[in-house]
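Worksheet for the structure shown next.
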Amino acid sequence: MRASIDAMLPRPRQARRQSLSAIGEAPDRVSAEFRKRVRVDLAAQDWYSRFDEDSLRWFRERGVRMSDMLLGHLDTTRAAGRDQLIAQAETLGREYGVEARRHGLSLGEGTQAFLFFRARFMAEIASVARRRGLASEQAALLFEEADRALDRVILALIAGHQST
């Protein structure tokens, strides 16, 4: 009898993460704010000074593409679209690892460089949550999704670095 009654009771809905656009945040704006955060602190990084202008351009162009893919991943609600974008970001992560090693960065230094960008990306996600006044559950879902995506990219970077 209890099981029958329990079956009729409403179940708490599992919250679904909303896309960035659905919460009123344009991915282009998030991308621009993220790039500003990076520019402010980049020159102070030890590994940054070890690259020539051509190498910096290579990393910058791919970094912009990667952040756009990660933001696209957060802005897409369809699983197939999210999977495709994160797979492309992982490919760039592997390329980053290969190039970092080719330019003489140790795995630790390559990881340190990635963590520099990761911290600024997550800080911008926190700004989105504050700007939009997200409820704690929605903010947590957004952070979890961004964190999982970035974990996949750093693992790809490590694999790329170790593959050469």
Return the distance in nm (one decimal) between the two label points of a simple spin-label model at A140 and L107, each offset 7 Å from Cα along Cα→Cβ. 3.4
For the range 35-164, which semi-axes, largest first and in whole Å, follow from the square roots of 5 times the eigenvalues of its Cα gyration tensor? 26, 17, 12
Carbon-plus-sulfur fraction of the accessible area of the chain, 1.4 Å probe, in percent? 52
Between A123 and R50, the two model label points (7 Å from Cα along the beta-carbon direction) sit apart by a distance in nm of 2.3
Ranking L105, S127, A139 by how far each Cα lies towards the positive end of the charge dipole of the chain (+1 on Lys and Arg Cβ, -1 on Asp and Glu Cβ), the top one is A139
Grab the alpha carbons of the range 73-136, take their convex hull, and tell me the volume per residue in Å³. 95
Output ordering of 127-134, 94-101, 48-55 (per-residue mean of other Cβ within 10 Å, highest first) is 94-101, 127-134, 48-55
Which residue, A79, A123, A149, has the most motion in a Gaussian network model of the chain that connects Cα atoms within less than 10 Å? A79
I'd like to check one number: the per residue accessible area of the chain, probe 1.4 Å, reported in Å² as a whole number. 58
Summing -39500 (n - 2.57) over the DSSP H runs of n ≥ 4 in the chain and dividing by its residue number, what mean residue ellipticity at 222 nm do you reach, to the nearest 500 deg cm²/dmol? -26000 deg cm²/dmol
Please compute the modelled spin-label separation between T91 and R132, points set 7 Å along Cα→Cβ, answer in nm with one decimal. 2.7
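The values are calculated or read from the model by the stated rules, or taken from the named source; none is laboratory data. All of these numbers come straight from a predicted model, not from anything done at the bench. Positions of Cβ are generated from backbone atoms using ideal geometry, with glycine treated the same way; all protein chains shown enter the neighbour counts. SASA here: full protein model, heavy atoms, side chains in, ligands and nucleic acids out. Shrake-Rupley method; radii C 1.70, N 1.55, O 1.52, S 1.80 Å.
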